[in-house]
Amino acid sequence: MEQLVKAAVEKGASVIHIKAGDVFRCRVEGKVFKLSTTRFTAEDTRRIALQLIPNDRDRGRINELQDYDCSWGLDDVGRFRVNILRQRGSFMIIMRAIPWSIPTLEELGLPAVLSEIVDLSHGLVLVTGGVGTGKTTTQASMIDWVNKNRQKHIITLEDPIEFLHADDASTITQREIGVDTDSFRTGLRAALRQDPDIILIGEMRDKDTIETAIRASELGQLVISTMHTPTATSTISHLMAVFPDEEKELARIRVADTLKAVISQRLLMRTDDESRIPALEIMLVTPAIQDCILTSKPAETIQALIEAGRETYGMQSFQQCLQDLVRSGQVSYETAKAGSENPSDFELYMQTLAGDGQADSLGPAVGSRF
């Protein structure tokens, strides 16, 4: 199994699938490939699961496990976020690769405004997007920037710990849920007594965690976390939706006061089809957007403010980012259109640019199309 894992990583695999009754498979640049001809038996996957589970307590109750998360490392190969699950009564294992080294914001091609966001003294910053869109990597790069450039105490609460940070200019305390603390809620409440400047929460999963995160940011910490929401405006809606009706008015005031930025992320295939590139929507909570949150203005109003705030604040909508990626030739027109929140609006805008004589600057695919 370790030889197969090593071979998968050498081929650039981001995810590995091990399932009873199937061959070894890995995901490379979004596509799932076979990497062996021999099929795993139910006993094979059980034995591999036992090898990956990090402690004797959980290994002892393996027959009770149905969904289990942990991390695992292979020397000179890499670290993996592991999910062990049951399917058709036998074990299946999903392993998501985590690089040993943490890529910088520049190496990821992320906008410089992210270093300004993570340099805030307090407030709530959310990195959002679907599963597998690079949220954890973006978070790690932001923390790494602070670690190298500022003198802070950073506490992370993760399930499981993924990227390993070495203390540099900052000191970093990494706590794993279920190992170092019982839950996100317990760890977050304890963190408030542990002299943090920045608290990173792996994921805000429920009302209690969201409420405690807001409270921490009200007390003067910078709180960074993730949510599985596709856009900045849907993130605001989701934050409000977790509170019951009788608490919504106060919650709206607290969210407007503490939320500082939302970074929504997707991954798109580059034109060379050999790697993926992040497309980001970036919303900074300016006074105008703060007023929109307080007065429940429609999402379209906030979206317009995001697009209008590009030069002044460094904000950008997904559509603006996608247009830039097409202009630079990094992403094809078809890929950008498919990744757009509103493909028809994206096509209309690109047609307008072509009609204004800017087709050549948009690359051959767009110029020939229009």
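The values are calculated or read from the model by the stated rules, or taken from the named source; none is laboratory data. Predicted, not measured: the structure shown is a model, and the values here were computed from it. Here the Cβ is made from the backbone with ideal geometry for all residues, glycine too, and neighbour counts use every protein chain on show. Keep in mind that these areas ignore ligands, DNA and RNA; they rest on the heavy atoms of the full protein, side chains included. Shrake-Rupley method; radii C 1.70, N 1.55, O 1.52, S 1.80 Å.
What to note about this one:
For (1) in contact with a Gly (Cβ under 8 Å, 6 or more places away or on another chain); (2) open to solvent by 70 Å² or more (accessible area, probe 1.4 Å); (3) farther than 30 Å from Thr133 by Cβ; (4) not small (Gly, Ala, Ser), each residue gets a yes or a no:
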| site | (1), (2), (3), (4) |
| --- | --- |
| Ile16 | no, no, no, yes |
| Asp22 | no, no, no, yes |
| Arg25 | no, no, no, yes |
| Lys34 | no, yes, no, yes |
| Thr38 | no, yes, yes, yes |
| Glu43 | no, yes, yes, yes |
| Pro54 | no, yes, no, yes |
| Asp58 | no, no, no, yes |
| Asn63 | no, yes, yes, yes |
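- Output for segment 319-352, where each listed residue is open to solvent by less than 10 Å² (accessible area, probe 1.4 Å) and touching a residue at least 40 places away in the same chain (Cβ under 8 Å): Leu322, Val326, Val331, Ala336
- Options Arg266, Arg252: the member that is open to solvent by less than 60 Å² (accessible area, probe 1.4 Å) and under 17 Å from Thr209 (Cα atoms): Arg252
- Strands (runs of 3 or more DSSP E) lying entirely in segment 78-162 (those with 2 or more residues that are among the aliphatic types (A, V, I, L, M), modelled with pLDDT of 95 or more and open to solvent by 20 Å² or more (accessible area, probe 1.4 Å)): 90-98
- Only residues that are over 22 Å from Val82 (Cβ atoms) and open to solvent by 40 Å² or more (accessible area, probe 1.4 Å) were counted across segment 179-201, and they come to 8.
- Some residue of segment 37-48 being part of a strand (DSSP E or B) and modelled with pLDDT of 95 or more: yes
Matching residues to (1) without any contact (Cβ under 8 Å) to a residue 12 or more places away in the chain; (2) not polar (S, T, N, Q):
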{"residue": "Ala7", "(1), (2)": "no, yes"}
{"residue": "Ile16", "(1), (2)": "no, yes"}
{"residue": "Asp22", "(1), (2)": "no, yes"}
{"residue": "Arg47", "(1), (2)": "yes, yes"}
{"residue": "Ser71", "(1), (2)": "no, no"}
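- Tally of residues being small (Gly, Ala, Ser) and in contact with a Lys or Arg (Cβ under 9 Å, 6 or more places away or on another chain) across segment 217-235: 1
- Answer residue from segment 167-178, given it is crowded, with 16+ Cβ neighbours inside 10 Å and among the hydrophobic types (A, V, I, L, M, F, W, C) and is nearest to Val118 (Cα to Cα) among those: Ile172
- Which listed residue is touching a helix residue (DSSP H, G or I) at 6+ places or on another chain (Cβ under 9 Å) and under 15 Å from Gly202 (Cβ atoms), from Thr104, Thr128, Thr137: Thr128
- Candidate set: segment 163-178, residues that are within 24 Å of Val82 (Cα to Cα) and not β-branched (Val, Ile, Thr); chosen: the one modelled with the lowest pLDDT: Gly178
- For segment 287-301, a tally of residues being part of a loop (DSSP other than H, G, I, E, B) and either on the phi > 0 side of the Ramachandran plot or not polar (S, T, N, Q) (or both) returns 3.
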